[in-house]
Amino acid sequence: MKKNILIFFLLISISFLEGQNVISNSLKHHIENSNKDEFVPIMIQLKSQLNLAEIKKEFIKNNTPIKKRASILAKRLQESAKVTQKETLNFIRNSSKYKNLHSFWATNAIYVEIDKDFIFNLVNDDNIENIDLEIGLIQKVDSESIQNNNYLYNENSVEPGIEAINVRPLWDMGYTGRGRLVFNYDTGVSPNHPAFSNRFFANFYPINQCWDGFFSSTPNGLNDHGTHTLGIMCGLINETNDTIGAAFEAYWIAVEDLQRYHLLR
């Protein structure tokens, strides 16, 4: 009898330790040092039901047109996320100890700010691959930045293309490119363009770490196509509050590609 009880508790301990491995070390550290009533921002990664390598083989075997592959894959990712996330989402919603719950089908992940003690209730969910601290999504814009970013909600202050991709929910969560670095691989960039001149990384680091050009050792706006594509990525004209790019607070580096230049000029 004692032996059976010992085995029982041993199995429980093993299961608990395996569950603990689902939680990242950074998240554990944050939980240990956070306030009692703090809601902790986490990203829950679900196990994927899709084998991308097999899907690629299927496309090749069936000679699936390139233009159709993206829509087929997107549909399957959405269906997979819907199935694997259902129980986890319901479990969180029933807890009432959360806020800002968001589901992502492309990566099959769930973002939520949740009571820190409740996180340990998630470790027994077989659909969960890992749970990590996610500060990036809630790097709340400070009061000065919030004041400066009020133009996001003014009429005619955002390019139609940016509105079309529904980027506002990401901006609302703090995803503005702030603190990030983008790389433009195109025909060259005009470094003095007001949409991004102040965020060129060469303003802070050596030019050879921020620019690689065939015709010039420094950006010279060789072709307007590269300037245009960089604007789509991170353009913002402060004077007019014109939001051109999706990641309008990101820094940038670039390369001047000779082949692309000849194709587009």
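The values are calculated or read from the model by the stated rules, or taken from the named source; none is laboratory data. Model, not experiment: these values are computed from the prediction. Heads up, the Cβs are rebuilt from the backbone with ideal geometry, glycines too, and the neighbour counts pull from every protein chain shown.
Table: residues versus (1) exposed (fewer than 14 other Cβ atoms within 10 Å of the Cβ); (2) out of contact with any helix residue (DSSP H, G or I) (no Cβ under 6 Å at 6 or more places or on another chain); (3) assigned to a helix (DSSP H, G or I).
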{"site": "His30", "(1), (2), (3)": "no, yes, yes"}
{"site": "Phe59", "(1), (2), (3)": "no, no, yes"}
{"site": "Leu73", "(1), (2), (3)": "no, yes, yes"}
{"site": "Val83", "(1), (2), (3)": "yes, yes, yes"}
{"site": "Asn90", "(1), (2), (3)": "yes, yes, yes"}
{"site": "Lys99", "(1), (2), (3)": "yes, yes, no"}
{"site": "Thr107", "(1), (2), (3)": "yes, yes, no"}
Among the residues in the range 144-154, are any in the same structural domain as Phe200 (by TED's automatic domain parsing) and either assigned to a loop (DSSP other than H, G, I, E, B) or at pLDDT 85 or above (or both)?
yes
